[in-house]
Amino acid sequence: MERICRSIPAKISLAILIIEIVLLTVMGIFYSSRFSQEIDKRIAEKLALPGILMNQRAMTYDSVKDFRALSDLVQEKVVEAFIFQQGGAVFFSADPAKEGRVFTDFLAQEETDRLGKDLSHVQQIFFVAENGRHFMSSVTPLLAKGELLGGLYLRVSADEIKKEKQGVLLFFCVGAFLAIALTTLIEAFVVHRLFVPRIIDASASLKKYADGDFSARITRVGGPDQLGELMQQVNSLLETVAEYTRKLHTLNITGEIFARVMEKEEVLRIATETAEQQLPVRALLDGEGDCRSIFSLPVHNDTAKPPGPVVRFSGIADYRELSSADASFVKALSGLMESALERIEAFAKIAEAEGKFRYLFMLALEGIFRSTADGVLLDANPALAAMRGYDSAEDMVRSDKNLAECYENPQERLKVIQILKKEEKLQEYEVNMRRTDGSIFPASMSARVIKNSRGEIQSVEGRIIDISERRLREQEKRQQLASEAVARAKVLLVEGLEKKNKQLQEALEELKCAQLQLLQSEKMAAVGMTAGGVAHDLNNILAGVVSYPELLLATLPADSEVRGPLAAILASGRRAVAVVADLLTLAQGSARVKKNVLLDSLVEEYLHSVEFGQMMRGYPEVQVTSVNEARAMYISCSPVHIQKVIMNLVMNAVEALASTGGSVTLH
């Protein structure tokens, strides 16, 4: 079964079979529906015939009572027939019980929904009753002198009609099946004869070719159709592959020969012989020119000058142009030649570089060495031998069997190997080394490891520099830096002492100022105590000066002439009390009494005082005015002190304008 599914003829036959099935199915559906419509049309014409005859008066209305005559007329079995009026009442029927009743009472549900609603034309319906039987009903309009009287209802059994339709469909299906089977067998036979033998032969030939038989070819090519052309192209492809394989084998052999050749001339000779053996060409001599050449080895651009020797070839007989396979062969042979020539040139450069390296190695001023991972010295230069105290590098290699003996401490060798195993290199590592006479010298070592393909350390290469002179220079530099540091420290110490001396002098000056301030404070305290005593004495004196005018003003009438002088005496007494309060403030350090007063009232009180009037008489060219604020501003203060502040401010402003004149405004 799997073989059949993979068969190309089977697939082609299956595709054709599917196409035929689809086409015949579409045709069957179409023609079956057409046949069914023709049968329905024929039956409809038969059912409409009694109504037509009644309209033509060729048949009476009583004929509906004779089902046999109607069946013979319509050639179908009539199971129900009656005539109903336009209003729907039955007035002619084989069953007298139906007369006078509405005709829809005797119809099935499918008939009620579709028949008798429009009597202007013939109406028909095919339906299936509840018992499974098939019926076909018809309503034909009845006319008399062009007027609609009612309708003729006929119902016939459609079981035979259904069987007839099924017979038509069965006949078509059987015919389609036979046609499909016959065409499938024919096309399978034809496809098998046309394709299978050639495909089997091609498959067998390709299998032989895959197994290594490059002489295998397709023998059953067949006629000049698409498959025949494909077989011919496959044979051509097999010949091309065989030719490519043969030339590839030749190229492999030539490449192996090139790998052993060490001369460029030998490479050119072998390439020339290989090209002449595999292609119908011959090499051109130097005197023949290149006008007839078809390619050159190695291949190069004709517009550019070849970098080395080139061999040109011309065709033999009619061979004037390279085929695709020959061009690929020439290109591959040219690549092998170039690789061989580059390898020979690279070997020459390597040999030259090794000579230069050996020369530099021998003349280097720093010691260079190469050793095994175990510490066996393999090679050294004369500089390292001289550094260690040997006459030559050969003597050192023969004598130093273990490099650990070259170190002052043999454990340093193990430490160096551990670093190299971990980091794979060593940079400027300082270590003390030993000469042959036993003396010690400091050295700087740099080294790296050489590993094989397995990742194992194969050898160690490095250089050693005697840093004795550098150590001496570093020691001298350190001593110089130390002396400079001592001198710089001395300078810093002197500067620090001078700075501290200056700070001490500043502290003494501040101490003297503090002492003077303390003396001044003590003096002010004494003055305050004195002012306090004087204030108490003055309070006792001013008690009568203030109280007696108040008593007199309280007893004098309002129009008394002495009220003015007494009020002036009372105001002066109160100002004297304010002066005494200032003395108490000086003695106690702050005002004793604070009140919430209106600032504008303090300003107005001063402007109406005797002191202000006396001052303004001395400065008539200066005007003093005040501007009251729109809103009342109260402050918590000592009123006496604020009045003195206002007085001092106004006095200073007036004295400043004394020479030029002007105005002073209090806000």
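The values are calculated or read from the model by the stated rules, or taken from the named source; none is laboratory data. The shown structure was predicted, so the numbers you read here are calculated from the model rather than taken from an experiment. Here the Cβ is made from the backbone with ideal geometry for all residues, glycine too, and neighbour counts use every protein chain on show. We work out accessible area using only protein heavy atoms, side chains counted, and drop any ligands, DNA or RNA first. Shrake-Rupley method; radii C 1.70, N 1.55, O 1.52, S 1.80 Å.
Of all residues in region 367-398, count the ones that are open to solvent by 50 Å² or more (accessible area, probe 1.4 Å) and in a loop (DSSP other than H, G, I, E, B).
Result for region 367-398: 3.
What is the one condition in (1) open to solvent by 60 Å² or more (accessible area, probe 1.4 Å); (2) farther than 18 Å from Asp379 by Cβ that Arg448 does not satisfy?
For Arg448, the failing item is (2).
Looking only at residues that are closer than 29 Å to Leu17 by Cβ and loosely packed, with under 14 Cβ neighbours inside 10 Å in region 221-236, which one is modelled with the highest pLDDT?
Across region 221-236, the extreme among qualifying residues is Glu229.
If only one of Glu495, Glu469, Glu476 is at pLDDT 80 or above, out of contact with any helix residue (DSSP H, G or I) (no Cβ under 9 Å at 6 or more places or on another chain), within 30 Å of Lys425 (Cβ to Cβ) and part of a helix (DSSP H, G or I), which one is it?
Selected residue: Glu469, the only one of Glu495, Glu469, Glu476 that is at pLDDT 80 or above, out of contact with any helix residue (DSSP H, G or I) (no Cβ under 9 Å at 6 or more places or on another chain), within 30 Å of Lys425 (Cβ to Cβ) and part of a helix (DSSP H, G or I).
Within region 599-639, can you find the residues that are assigned to a helix (DSSP H, G or I) and surrounded by fewer than 10 Cβ atoms within 10 Å (Cβ to Cβ)?
Passing the criteria: Gln614, Arg617.
Only one of Val431, Val397 is more than 51 Å from the chain's Cα centre (by Cα) and at pLDDT 85 or above; which?
Val431
Only one of (1) at pLDDT 80 or above; (2) farther than 29 Å from Val610 by Cα fails for Pro565. Which number is that?
(2)
Condition check: free of Cβ contacts under 8 Å to residues at least 40 places away in the same chain and of a type in the set (Gly, Ala, Ser). Does Ser446 satisfy that?
Taking the combined requirement at face value, the residue satisfies it.
Need the failing condition index for Ser138 against (1) crowded, with 17+ Cβ neighbours inside 10 Å; (2) assigned to a helix (DSSP H, G or I), just the number.
Only one criterion is unmet by Ser138, namely (2).
Find all pairs meeting these conditions: Cβ atoms under 8 angstrom apart; at least six residues apart or on different chains; first residue within region 451-479 and farther than 20 Å from Glu366 by Cα and in contact (Cβ under 8 Å) with a residue 40 or more places away in the chain; second residue assigned to a helix (DSSP H, G or I) and open to solvent by less than 90 Å² (accessible area, probe 1.4 Å).
Ile457/Leu420
When region 259-307 is examined, which residues are found to be of a type in the set (Gly, Ala, Ser), at pLDDT 80 or above and either in a helix (DSSP H, G or I) or surrounded by fewer than 17 Cβ atoms within 10 Å (Cβ to Cβ) (or both)?
Ala259, Ala271, Ala275
Taking the condition aliphatic (A, V, I, L, M) and open to solvent by 50 Å² or more (accessible area, probe 1.4 Å), does Val122 pass?
So Val122 passes the test.
For Pro557, state whether it is farther than 22 Å from Lys644 by Cα and open to solvent by less than 50 Å² (accessible area, probe 1.4 Å).
no
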